[in-house]
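Undergrad: Take a look at this one; I'll ask things after.
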């Protein structure tokens, strides 16, 4: 029955199936990049600069003769590492701040929600990330920390709203009456009931993290050369946009498909985890 149910859901949501297929492809490319890449992504070949796609180089070569297919495959590693790490750190920080703010209220809520959250929201997230990376310097760890610092507030606000709604429910009051500690009430009774919107937000947040990483790498604030990054590849291709458009097409397509896959999965999870949507669509 579970297999039939899953097949039925995939038929009802073809975009979700497409998103899972695309994401699976990117994960496989990231995991097996050393086996799939035809060449070393950092290998220079000045005699083979700006070659068009051919049997020898399926995606062509860049201005330094590096194989674009190899660099695109290795770029999937950077994007997935950044997206998973950023969402994990942001979600962890947002869970702690949101639970404290929503559960205790009072001055705790005022300090975390009014002062701290609004201070981070005063600047657009991407500008905050740019300032952080520019101050500490480019690098994978600094990039992940910068994006996590600029994105945790969204999760904190969501967790706070969910906790404030759940903590007034009867089963939470019953747990308190039985003498359960605050930590047990939060971990045992509140967190399991707020996971659904967090999962959806995390899926959509990964799409935003892929775009943010590509943006910072495009600005020269991402992973230092010679590491392959989709954003850095787009930056290198700016001066050859018209004479060698394949330098832009393939990394830009990779970014687009990665973002689409996370968005499709996020939309599918929202419909799947929302009881009202399941009843209206018959999922």
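Undergrad: Can you tell me which of (1) under 30 Å from residue 32 (Cα atoms); (2) in contact (Cβ under 8 Å) with a residue 12 or more places away in the chain; (3) surrounded by fewer than 20 Cβ atoms within 10 Å (Cβ to Cβ) is the one residue 143 doesn't meet?
TA: Of the numbered conditions (1) under 30 Å from residue 32 (Cα atoms); (2) in contact (Cβ under 8 Å) with a residue 12 or more places away in the chain; (3) surrounded by fewer than 20 Cβ atoms within 10 Å (Cβ to Cβ), the odd one out for residue 143 is (3).
Undergrad: Oh, and also: Hey, does the stretch 224-234 have a residue that's more than 20 Å from residue 70 (Cα to Cα) and at pLDDT below 90?
TA: No, the conditions are met nowhere in the stretch 224-234.
Undergrad: Answer yes or no: is there a residue in the stretch 197-206 that is under 13 Å from residue 99 (Cβ atoms) and out of contact with any strand residue (DSSP E or B) (no Cβ under 6 Å at 6 or more places or on another chain).
TA: Within the stretch 197-206, the first condition is being under 13 Å from residue 99 (Cβ atoms), and the residues that meet it are 198.
From what is left, the residues that are out of contact with any strand residue (DSSP E or B) (no Cβ under 6 Å at 6 or more places or on another chain) are 198.
Yes, the stretch 197-206 contains a residue that is under 13 Å from residue 99 (Cβ atoms) and out of contact with any strand residue (DSSP E or B) (no Cβ under 6 Å at 6 or more places or on another chain).
Undergrad: Something else: Pairs only if they're at least six apart or on different chains, beta carbon under 7 angstrom, first in the stretch 1-24 and at negative phi and outside any helix (DSSP H, G or I), second at pLDDT below 85 and surrounded by 14 or more Cβ atoms within 10 Å (Cβ to Cβ); list them, first residue then second.
TA: From residues that are at negative phi and outside any helix (DSSP H, G or I), the pairs are 13/268; 13/271.
Undergrad: Taking residue 134 as the residue in question, decide whether it is within 23 Å of the chain's Cα centre (by Cα), modelled with pLDDT under 90, more than 14 Å from residue 194 (Cα to Cα) and assigned to a helix (DSSP H, G or I).
TA: yes
Undergrad: Something else about it: Considering every residue within the stretch 164-180, establish whether at least one is assigned to a helix (DSSP H, G or I) and in contact (Cβ under 8 Å) with a residue 60 or more places away in the chain.
TA: Yes, some residue in the stretch 164-180 is assigned to a helix (DSSP H, G or I) and in contact (Cβ under 8 Å) with a residue 60 or more places away in the chain.
Undergrad: If you go through the stretch 36-43 one residue at a time, do you hit one that is closer than 18 Å to residue 79 by Cβ and not in a loop (DSSP other than H, G, I, E, B)?
TA: yes
Undergrad: Report yes if some residue within the stretch 198-216 is surrounded by fewer than 21 Cβ atoms within 10 Å (Cβ to Cβ) and either farther than 20 Å from residue 150 by Cβ or at pLDDT below 85 (or both); otherwise report no.
TA: Within the stretch 198-216 (the criterion being surrounded by fewer than 21 Cβ atoms within 10 Å (Cβ to Cβ) and either farther than 20 Å from residue 150 by Cβ or at pLDDT below 85 (or both)), the answer is yes, since at least one residue qualifies.
Undergrad: Another one. Do we have any residue at all in the stretch 251-264 that's surrounded by fewer than 18 Cβ atoms within 10 Å (Cβ to Cβ), more than 16 Å from the chain's Cα centre (by Cα) and closer than 17 Å to residue 60 by Cα?
TA: yes
Undergrad: Checking the condition under 24 Å from residue 213 (Cβ atoms) and either surrounded by 14 or more Cβ atoms within 10 Å (Cβ to Cβ) or touching a helix residue (DSSP H, G or I) at 6+ places or on another chain (Cβ under 8 Å) (or both), which residue from 120, 103 passes? Walk me through it before giving the result.
TA: Values: 103 fails: under 24 Å from residue 213 (Cβ atoms).
That would be 120, the only listed residue that is under 24 Å from residue 213 (Cβ atoms) and either surrounded by 14 or more Cβ atoms within 10 Å (Cβ to Cβ) or touching a helix residue (DSSP H, G or I) at 6+ places or on another chain (Cβ under 8 Å) (or both).
Undergrad: Sticking with this structure for a sec: Output yes when any residue across the stretch 251-259 is assigned to a helix (DSSP H, G or I), modelled with pLDDT of 90 or more and under 30 Å from residue 162 (Cβ atoms), and no when none is.
TA: Yes, the stretch 251-259 contains a residue that is assigned to a helix (DSSP H, G or I), modelled with pLDDT of 90 or more and under 30 Å from residue 162 (Cβ atoms).
Undergrad: From 69, 95, 91, 35, grab the single residue that is buried (at least 18 other Cβ atoms within 10 Å of the Cβ), farther than 30 Å from residue 152 by Cβ and under 26 Å from the mean Cα position of the chain (by Cα).
TA: 69
The values are calculated or read from the model by the stated rules, or taken from the named source; none is laboratory data. Predicted model only: the values in this text are computed from it and were never measured. Cβ sites come from the backbone with ideal geometry, for glycine too, and all protein chains shown count toward neighbours.
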